[in-house]
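Asker: Sharing a structure here in structure tokens format.
Just so it is clear, none of the values below were taken in a lab; they were calculated from the coordinates. Because the structure is predicted, anything quoted here is derived from the model rather than measured. For neighbour counting, all protein chains shown are included, and Cβ atoms are generated from backbone atoms with ideal geometry for every residue, glycine included.
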2 protein chains.
Amino acid sequence: MKNLLVVSTSTVYGGEYLDYITDEMAELFKDTEEVIFIPYARPGGISHDSYTEKAAKAFDKIGKKIIGLHTFEDPIAAIKDAKGVFTGGGNTFVLVNALYKFEVIQPLREAIFNGMPYMGTSAGSNICGVSMQTTNDMPIVYPPSFKTLGVIPFNLNPHYLDPDPTSKHMGETRETRIAEFHTQNTIPVVGLREGSWLRVKGDDIILKGDLDARLFKQGQKPYEISSGKALNSELV
Amino acid sequence: MKNLLVVSTSTVYGGEYLDYITDEMAELFKDTEEVIFIPYARPGGISHDSYTEKAAKAFDKIGKKIIGLHTFEDPIAAIKDAKGVFTGGGNTFVLVNALYKFEVIQPLREAIFNGMPYMGTSAGSNICGVSMQTTNDMPIVYPPSFKTLGVIPFNLNPHYLDPDPTSKHMGETRETRIAEFHTQNTIPVVGLREGSWLRVKGDDIILKGDLDARLFKQGQKPYEISSGKALNSELV
């Protein structure tokens, strides 16, 4: 039975790293002392070691040990043996490129389908979708594919931002970008605002956090999903 | 001798499509009656025909005829014979994918190096750079490569936005994204604010418009370039 936390952002405004999601983390990883951390997304170009240290500090608060996937000689075996995995945010292109390079996409997908607890924030959530094609990130590396884990039956847009009616900026709004995605793709997209997350248990996908989410489907007007609601029935 | 207008945005706030750049357009295309329009970037998913109509209306004001590249049976020959080309904005991934599909990247590059007047706005400017890897757009299609025309010796970030000190949004700023690009790439990046453009004549690249631009180089603090200044000496 799938068991995931798919989180829009690691940090909410004014808060500490992962602070607001601590209780959910503790519940997700309750049956393991050790969590493997995937630091590949390298936010701001931070090193794998430094990023792992940052995650370790946050997990220390819930009494869990973090081990960076980059420290294993055989990352495929490490994922297969993992009792829990957390993928941090950063650049989704860099993350996906590394997941393909180290051939961990398939083992990670299988582990998640087999019930291994998984948590992702931002780029680490993006990869739960069918493809990474609704990321906000810059294409700073060229990954071998845009296909991702597909452990949820839609795509995500983390850090979702509503159009600002007072803006004088002429660049595309997030809503326009997702509409452009739907001129080329049929996959639904969930715009997950900062402070929101999805709790996935088996086939149940529940929206959590204070805010609503925005659901975009091809050929339909986007609409709001209330916090606490299951997304399952919206996606058939 | 290269002869280009590399424009951040087609439309400034409160203005009409291409209005603010009309005089520059007239000067760039003064020696031709006809300009080929590349509509491939399809902003908002608009059709090639509708987009070409929109461009035609704007070019009608300077007495030029616009012909959509999509109307030619042989787009490669059309580019080789062109007396002027304008590429409109939209989604850079969709644009670059189509340029590769129709095999016009190389002929367009050659034509520009041979002095054919070229104008690009937004995505159409992005492709003048070495790669499209500093676009703001969503990766809604998977192009065969991120390499672009390379007719200017750096990359562009059009619609450049300064970090907003009052923002409570935790997604990456444009500056952070470009810094992440420089963890993976050495190519300088010019952040071109809306209302700015580059006038390229041969090897001279002059910043025009009311605003300054922001120059990002690997391993250096980003800095401002004043409007009216040549970028040439900044890029050695």
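Asker: Where nothing but the Cβ of Lys and Arg (+1) and of Asp and Glu (-1) is charged, how large is the charge dipole of the range B:10-124 around its Cα centre, in debye to the nearest 20? Kindly include the intermediate steps, with their values, before the conclusion.
Answerer: Details: 11 positive and 16 negative charges, 46 e Å.
With only Lys, Arg, Asp and Glu charged at Cβ, the dipole is about 220 debye.
Asker: Along the charge dipole of the range A:3-235, pointing to its positive end and built from +1/-1 on Cβ of Lys, Arg, Asp and Glu, which listed residue (A:95, A:143, A:117) has its Cα farthest out?
Answerer: So the residue we want is A:143.
Asker: Assuming R0 = 30 Å, what is the FRET efficiency of residue A:1 and residue B:173, from their Cβ-Cβ distance, to the nearest 0.05?
Answerer: On the way: r = 39 Å, r/R0 = 1.30.
Between residue A:1 and residue B:173 the formula returns 0.15.
Asker: Applying 1/(1 + (r/R0)^6) with R0 = 22 Å to the Cβ-Cβ distance of residue A:224 and residue A:27, what FRET efficiency is obtained, to the nearest 0.05?
Answerer: Values: r = 26 Å, r/R0 = 1.20.
Step by step, r from the Cβ atoms, then E = 0.25.
Asker: Enter the Cα centre distance for the pair the range B:138-176 and the range A:64-142, rounded to the nearest angstrom.
Answerer: 24 Å
Asker: Using Cα springs under 10 Å in a Gaussian network model of chain B, which residue among B:172, B:33, B:24 shows the largest mean-square fluctuation?
Answerer: B:172
Asker: So if I take the alpha carbon set of the protein assembly as shown, get Rg, then get Rh from the Kirkwood formula, what is the Rg over Rh ratio?
Answerer: With Rh from the inverse mean 1/r over Cα pairs, Rg/Rh is 1.00.
Asker: If the limit is 30 Å between Cα atoms, which of A:2/A:61; B:147/B:229; A:83/A:217; A:208/B:221; A:54/A:80; A:147/A:221 go over it?
Answerer: The pairs that break the limit, which is 30 Å between Cα atoms, are A:83/A:217; A:208/B:221.
Asker: How large is the direction-averaged shadow of the alpha-carbon convex hull of chain A, in nm²?
Answerer: That works out to 12.6 nm², a quarter of the Cα hull's surface.
Asker: Who wins for biggest fluctuation among A:44, A:84, A:115 in a Gaussian network model of chain A, springs between alpha carbons below 10 Å?
Answerer: Taking springs between Cα atoms under 10 Å, the residue moving most is A:44.
Asker: Test of understanding: in a Gaussian network model of chain B with alpha carbons linked when under 10 Å, which of B:114, B:97, B:126 would top the mean-square fluctuation ranking?
Answerer: Per the Cα network of chain B with a 10 Å cutoff, B:114 tops the list.
Asker: Taking the Cα centre of the protein assembly as shown as origin and charging only Cβ (+1 Lys, Arg; -1 Asp, Glu), how large is the dipole, in debye to the nearest 20?
Answerer: 280 debye
Asker: While we're looking at this one, here's another question. If I take R0 = 51 Å and measure r between the Cβ atoms of residue B:206 and residue A:232 in this structure, what FRET efficiency does the formula 1/(1 + (r/R0)^6) give, to the nearest 0.05?
Answerer: With a Förster radius of 51 Å, E is 0.35.
Asker: A further question follows. Give me the inter-chain shielding for A:221-234: mean count of other chain Cβ atoms within 10 Å, whole number please.
Answerer: Neighbouring Cβ atoms belonging to other protein chains average 0 per residue here.
Asker: Also, quick follow-up: Count the DSSP beta bridges whose two residues both fall in the protein assembly as shown, then state the antiparallel fraction as a percent rounded to the nearest 5.
Answerer: Within the protein assembly as shown, antiparallel bridges account for around 50 percent of the total.
Asker: With the label 7 angstrom out along Cα to Cβ, how close does residue B:47 come to the same site in each of the other copies, in nm, nearest first?
Answerer: 5.7
Asker: Nearest the rotation axis from B to A, which residue of chain B has its beta carbon, and at what whole-angstrom distance?
Answerer: Closest Cβ to the B-to-A rotation axis, residue and whole-Å distance: B:139, 3.
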